[in-house]
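Peer 1: Here you go, one structure.
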Amino acid sequence: MRTPDEDTWIEQKAAEEDGAFVSAGCITLPVEPISVITSDTLAARLSLSRFVQLARLKLRLTKEQFAGKTKIPLKELVCIEDDDQYTPTLRTVHMLAEFLKVSHVKLLTLAGLAQAKDASFNDAAVKFAAMSEPIRTLSREEQEAFDEFAKFLSAH
């Protein structure tokens, strides 16, 4: 089901194409489509999730405010930030890229909607995902749980 914002976006894009040749079928992207979910794809999606979350926090916006400013459904923003397995819509990726002033193609790749053509993209995504998590001290409960499970795993 489309939202009113999606209908407006579709109408705007159609108006921009007025007089242009339009055909039915797949959108052509300047990158190769993904056929299988790989570890690179999963790392890229995690990077997208963290990138969107950190961008929102940098702008000091709540999820609701960010969704409003980017014109994407709040439910989809929550899924993007909280579920690194979630694949956003093409429209949502476009709106995020526009708002954050980043490459549409690269954001499509992070979303798992396109495949990177060079390994440096995947390397950068993995590095960002690894570095974007804050370092914190384990709570007492986490430390106890970890120690207990590590003890279990090391028992012969």
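The values are calculated or read from the model by the stated rules, or taken from the named source; none is laboratory data. What you are looking at is a predicted structure, and each value in this text was computed from that prediction instead of being measured. Cβ atoms come from the backbone with ideal geometry, glycine included; neighbour counts cover every protein chain shown.
Peer 1: List every residue pair whose Cβ atoms lie under 6 Å apart, where the two residues are 6 or more positions apart in sequence or sit on different chains, the first residue falls within the stretch 67-82 and is more than 14 Å from residue 48 (Cβ to Cβ), and the second residue, located anywhere, is buried (at least 18 other Cβ atoms within 10 Å of the Cβ) and not charged (D, E, K, R).
Peer 2: Note: pairs meeting the criteria are 67/77; 71/95; 74/67.
Peer 1: Residues to consider are 58, 71, 117; find the one that is at pLDDT 90 or above, on the phi < 0 side of the Ramachandran plot and either charged (D, E, K, R) or under 13 Å from the mean Cα position of the chain (by Cα) (or both).
Peer 2: Going through 58, 71, 117 in turn, just one is at pLDDT 90 or above, on the phi < 0 side of the Ramachandran plot and either charged (D, E, K, R) or under 13 Å from the mean Cα position of the chain (by Cα) (or both): 58.
Peer 1: Okay, moving on. Consider the stretch 104-142. How many of its residues are under 14 Å from residue 43 (Cα atoms) and not in a strand (DSSP E or B)?
Peer 2: 25
Peer 1: On to the next question. Which numbered condition trips up residue 48, out of (1) in contact (Cβ under 8 Å) with a residue 12 or more places away in the chain; (2) surrounded by fewer than 21 Cβ atoms within 10 Å (Cβ to Cβ)?
Peer 2: (2)
Peer 1: State whether one or more residues within the stretch 89-99 are assigned to a loop (DSSP other than H, G, I, E, B), more than 12 Å from the chain's Cα centre (by Cα) and either loosely packed, with under 12 Cβ neighbours inside 10 Å or basic (Lys, Arg) (or both).
Peer 2: no
Peer 1: Confirm whether residue 76 is among the charged types (D, E, K, R) and surrounded by fewer than 12 Cβ atoms within 10 Å (Cβ to Cβ).
Peer 2: For residue 76, the condition - among the charged types (D, E, K, R) and surrounded by fewer than 12 Cβ atoms within 10 Å (Cβ to Cβ) - is not met.
Peer 1: Quick check, is residue 109 closer than 30 Å to residue 10 by Cα, surrounded by 13 or more Cβ atoms within 10 Å (Cβ to Cβ), within 10 Å of the chain's Cα centre (by Cα) and hydroxyl-bearing (Ser, Thr, Tyr)?
Peer 2: yes
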